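The values are calculated or read from the model by the stated rules, or taken from the named source; none is laboratory data. Note that the coordinates shown come from a computational prediction; the quantities given were computed from them, not determined experimentally. Cβ sites come from the backbone with ideal geometry, for glycine too, and all protein chains shown count toward neighbours. Heavy atoms of the whole protein, side chains included, go into the accessibility calculation; ligands, DNA and RNA do not. Shrake-Rupley method; radii C 1.70, N 1.55, O 1.52, S 1.80 Å.
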Amino acid sequence: MNFHTGRSQDPEKLEPTRICVIGAGYVGLTAAACFSELGHEVRCVEVDAARLAALSRGEIPIYEPGLDELVTRHASTGRLSFTDDMASAMDDVAVAMLCVGTPPRSDGEPDLRQLARAAATAATAATRDVALVVKSTVPPGTCEALELFVGGQARDGVRVRVVSNPEFLREGRAVWDFFNPDRVVVGADETDLARVVAGLYPPSWPLVECSRRSAELVKYASNTFLAVKISFANEVAALCEALGAETDKVLGGVGLDARIGGAFLNPGPGFGGSCLPKDLSGFIAVAESAGRPAEVARAAQRANDMALASLAGKIESALGTLEGRTIAVLGLAFKAGTDDTRFSPAVALVRELLLRGAHVRAHDPIARVSEAGLSQVADPYEAVHGADALVVATGWAEYRDLEPARLRHSMSGHVIMDAVGVLAMEPLRDAGFDVYGIGRGLATSFAPVLWRPLEWMLDAGQPSGVQNP
Ligand code: UGA
């Protein structure tokens, strides 16, 4: 059993296929390495010269457990190679995977220009009939439109068709997720093509075969549902706090219902990263343009937008003011297990604290951020030295081991906000800290829990059968 793939070293035997992967970013590099592990011959095209040079030296430009091992192994088996030459990479290739970015435009819809350019270049370079497989997350209709767009660009006699095969990998667990998928989704409007793409994966993996627009929507709807789930968990956590209920027991109890499931019910500072926020706004925009407003998705987005201000407000009310206060922020990555800080709630919080007049000193085990006014240090104890408050903003496991007595000794204040729920509260309280959290720790507001039910009971008057003493 391999630690990162969760599979034996001898994957199921597959018909080896020559694949061209376009884009060695997070999705492309993972796909390239994992498909070569499955036995395919993968040529990966990367146009960024610095990234290509790094890859050719065997350096992995992203932090992803297990990826370096696979890249090194298959660079030496010869099943994985990197180039910037599309013509040689596409030579005699029947499957090309488009793994380029689809960043959000200012109106919330994805920018598909990189995808169109990559598809056109691949179609022009194709020497035989080819399936262009879209791995990037795209709005329904994109694959069909792409096929029309590249239609006239291939050389005579070469047919270019487009298939949707969305990626469901999580950053920080991408290799594991690739080899242990909940499903492989293949959207193709012709059965022969669906077979070719499905045949790249082991036959025992769960497969959903559907139309292209359905496959595209599976991805959008999945990420939107995860976003809704997190926003709902945050709403329940806020309610628990106000009512004095135990958030972990409440959400734990809810998640035990098999119809609901316990995953993605951890409250926090709101969801971030380069996928959930982008795909949620993409889903909303698609629904809007289809004349079917996505009210649930919109509410999840609004709730997420409010989560950060509410967190900053809580820290401010715990300290009285943020003006001139020194705050240690532990964690900058958008979640634990990655060095990615794109749309990171932790970074957004740092900005908000700076805006409200605080001095911020931050630590992250691997992520680096350049932000005016932010000083970043290499050790969490250095970050807390002389600080008025400590905020844990990314759930790195190593923050669990922080020693309460040492923190108390180093800090000048006694406020801790654990926004991601990784710290044990009791020992910190015992060490003299005021500990806050999301749905746990000290509450900043209370609701009149008993009053309303009592009022209703009193409305009922004297119950029959109850005797006055
Ligand atoms: C997400 C999906 O989980 C993947 O299935 C999908 O393939 C990927 O987007 C993508 O579209 O490429 P990822 O963005 O790597 O993966 O991160 P997640 O683990 O989903 O976390 C997203 C955000 O939600 C993070 O900010 C995380 O802290 C937050 N989160 C997650 C919570 O606040 N609570 C939870 O219970 C779970």
Computed over the range 157-309, the ratio Rg/Rh where both radii use C-alpha atoms and Rh is Kirkwood: 1.05
How do the peptides 372-383, 338-349 rank, highest first, by the average count of neighbouring beta carbon atoms within 10 Å per residue? 338-349, 372-383
Would you pull out the residues with amide H under 5 Å of VAL329's amide H, same chain only if 5 or more places away, H placed 1.01 Å from N? ARG361, ALA362, HIS363, VAL391
Counting all C-alpha pairs of the range 225-445, share separated by more than 33 Å (%): 15 percent
15 Å beta-carbon shell around ASP156, net charge (K/R +1, D/E -1): +2
How are the C-alpha pair distances of the chain spread across 20 Å bins, as whole percents from the shortest bin up? 22, 48, 25, 5, 1
Nonlocal amide H pairs with GLY437, under 5 Å, H built at 1.01 Å: ASP418, LEU442
Where only C-alpha atoms are counted, convex hull volume of the range 375-450 per residue in Å³: 103 Å³
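On alpha-carbon atoms, Rg over Rh for the range 1-137 using Kirkwood Rh? Display every interim value, and only then the final one.
Details: Rg = 15.0 Å, Rh = 15.4 Å.
In the range 1-137, Rg relative to Rh is 0.97.
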Diffusion coefficient, µm² s⁻¹, Stokes-Einstein with Kirkwood Rh over alpha-carbon pairs of the range 47-101 at 37 °C and 0.692 mPa s: 261 µm²/s
What is the local net charge at VAL42, summed over the other residues whose Cβ is closer than 11 Å to its Cβ (Lys, Arg +1; Asp, Glu -1)? +1
In Å, the Kirkwood hydrodynamic radius of the range 324-469 over pairs of distinct alpha carbons? 17.1 Å
Among 257-266, 295-304, 93-102, the order from most to least packed when residues are scored by Cβ within 10 Å on average: 93-102, 295-304, 257-266
Beyond 30 Å between alpha-carbons counts as too far, so tell me which of LYS219/LYS314; LYS229/LYS314; LYS13/LYS229; LYS135/LYS314; LYS13/LYS335 fall in that bin. LYS219/LYS314; LYS13/LYS229; LYS135/LYS314; LYS13/LYS335
Quick one: order GLU69, GLU46 from most to least accessible surface, probe 1.4 Å. GLU69, GLU46
Over the chain, what percent of the accessible surface lies on carbon and sulfur atoms, probe 1.4 Å? 54 percent
Report the relative contact order of the range 18-210, percent, no decimals, based on alpha-carbon pairs under 8 angstrom and at least 6 residues apart. 19 percent
Report, in deg cm²/dmol and to the nearest 500, the calculated mean residue ellipticity at 222 nm for the chain, where each DSSP H run with n ≥ 4 adds -39500 (n - 2.57) and the sum is divided by the residue count. -12500 deg cm²/dmol
Net charge near LEU423: determine it from the other residues with C-beta under 11 Å of the C-beta of LEU423, scoring Lys and Arg +1 and Asp and Glu -1. 0
Could you run the Karplus curve 6.51 cos²θ - 1.76 cosθ + 1.60 with θ = phi - 60° over the range 75-86 and give me ³J(HN,Hα) per residue in whole Hz, x for Gly and Pro? 5, 7, 6, x, 7, 10, 9, 10, 7, 10, 9, 4
Of the residues VAL186, GLY172, PRO16, the Cα lying farthest along the dipole of the chain towards its positive end, which is defined by charges on the beta carbon of Lys, Arg, Asp and Glu, belongs to VAL186
